[in-house]
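Since the structure comes first, as structure tokens, the remarks are kept for the end.
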Amino acid sequence: MPSPIKGIHHITAVSGPPKENYDFYTKVLGLRFTKKTVNFDDPFTYHLYYGNYEATPGSSITFFPWQGVVQGSPNTGETTVTAYAVPKGSIEFWKGHLKKHEVEILSEESVFDDTRLLFKDVEGMKNELVESDGIDKVKPNPADRIDESAAIRGFYGATLSLNDTGRTAELLSEFGWKKSAETEDTLRYTIDTDNNLGTTVDLEQEPGLSGRFGRGSIHHIAFRVPDDETQLDWREKLQEMGFQPTPVQNRMYFRSIYFREPGGVLFEIATDIPGFTHDEPLESLGSELKLPPWHEKHRDEIERKLPDL
Ligand code: ZN
């Protein structure tokens, strides 16, 4: 059995215009813009990364701002909520802060003993802030008007909306995750990680959502493995289990394999290495357009066609 899959690595979604996306995630949520690059499979589209100060695994929310894509709405068989970890006692601050930015709060509730605030981003994508323990050591981005005592540290977790939670639950058990709580329609799976980020996945039985994929939809959720060897072990294991993982793709900051889990959600398994300082220093992450070597020869054309942020 390969070693356990340790937490969420990143989450990738589709956005509308890049400028609005950038403003929301850096100015409203206060995340660091950690990488300005392009979709490697579609290099005239940005791939924008946001995270905590060090862009540690478990903190990167990333977007493809596809031009002209339709407005999306939640679907069964998708990741439907991204939850961010904030320090204990900071929800009151966030309520005021979101209000100031005219972000509507959909609900404030206590679920599985967590205090959490649900709201949507500019594209209608559902986000949550969850008060979390054990995240004090994670260095937040020093954002304007968001004190360190409230700043987002990374992911708390995510919610998958499923027709039937059973087989996805089995897969998470294979990953080494444990069922830690349940309600009538939700199973919570958790795992310990080195930084207490991305430790929680809620499997929500939500059949019959018949939305459409588009702006504000989550494209895939990526889980962490430390290195290439563990990734290859998992690739083999997944094949034995009857899944069809892709060959390993070089994403510059990590290596990836993708497969569809039994509930239809696109899963990725990504390596922690080499990380986001692979092609620029920590101090200046996100400040220049970075291209993988195979797209460098088209840099002039790419830069001309990409909109300003
Ligand atoms: Zn990915």
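The values are calculated or read from the model by the stated rules, or taken from the named source; none is laboratory data. Values in this document were obtained by computation on a predicted structure and should not be read as measured data. Glycine gets a Cβ as well: all are built from the backbone with ideal geometry, and neighbour counts include every protein chain shown. SASA here: full protein model, heavy atoms, side chains in, ligands and nucleic acids out. Shrake-Rupley method; radii C 1.70, N 1.55, O 1.52, S 1.80 Å.
Listing for the model above:
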{"read-out": "Sites ASP113 and GLU20 - FRET efficiency at Förster radius 41 Å, r taken between beta-carbons, to 0.05", "value": "0.75"}
{"read-out": "Among LEU266, THR277, SER90 the positive-end extreme of the charge dipole of segment 8-305 (Cβ point charges)", "value": "THR277"}
{"read-out": "FRET E, pair ASN250, MET1, Förster distance 41 Å, beta-carbon r, rounded to 0.05", "value": "0.95"}
{"read-out": "Directionally averaged projected area (convex hull, Cα atoms, segment 50-129), nm²", "value": "7.0 nm²"}
{"read-out": "Extended-chain gain in nm, criterion 0.36 nm per residue less alpha-carbon gap, ASP192 and ILE105", "value": "28.4 nm"}
{"read-out": "Difference of contour (0.36 nm per residue) and Cα-Cα distance, SER210 to LYS95", "value": "38.3 nm"}
{"read-out": "Relative contact order (percent, whole number), the chain, Cα cutoff 8 Å, 6+ residue spacing", "value": "25 percent"}
{"read-out": "Assigned charges on the beta-carbon of Lys, Arg, Asp, Glu; the chain dipole about Cα centre (debye)", "value": "600 debye"}
{"read-out": "Pairwise FRET efficiency - ASP308 versus ASP185, Cβ, R0 = 51 Å, nearest 0.05", "value": "0.70"}
{"read-out": "Dipole of the chain, positive end: most advanced residue of PRO245, GLN71, THR183 [Cβ charges, Cα centre]", "value": "GLN71"}
{"read-out": "Label point distance in nm, LYS297-ASP147, each placed 7 Å from Cα along Cα→Cβ", "value": "5.5 nm"}
{"read-out": "Sorted peptide list for 111-120, 222-231, criterion being average Cβ within 10 angstrom, highest first", "value": "222-231, 111-120"}
{"read-out": "C-alpha center-to-center spacing [segment 130-145, segment 2-44] in angstrom", "value": "18 Å"}
{"read-out": "Normalised alpha carbon radius of gyration of segment 2-44 [divisor 2.2 N^0.38 Å]", "value": "1.51"}
{"read-out": "Where labels lie 7 Å past Cα in the beta-carbon direction, separation of GLU240 and ASP228 in nm", "value": "2.2 nm"}
{"read-out": "Shape parameters for segment 8-305, alpha-carbon atoms, Rg then Dmax in Å", "value": "18.2, 55"}
{"read-out": "Selection of GluC sites (Glu not before Pro), segment 123-173, meeting DSSP coil and at most 16 other Cβ within 10 Å", "value": "GLU148"}
{"read-out": "Solvent-accessible surface (1.4 angstrom probe) belonging to THR246, in square angstrom, nearest 10", "value": "40 Å²"}
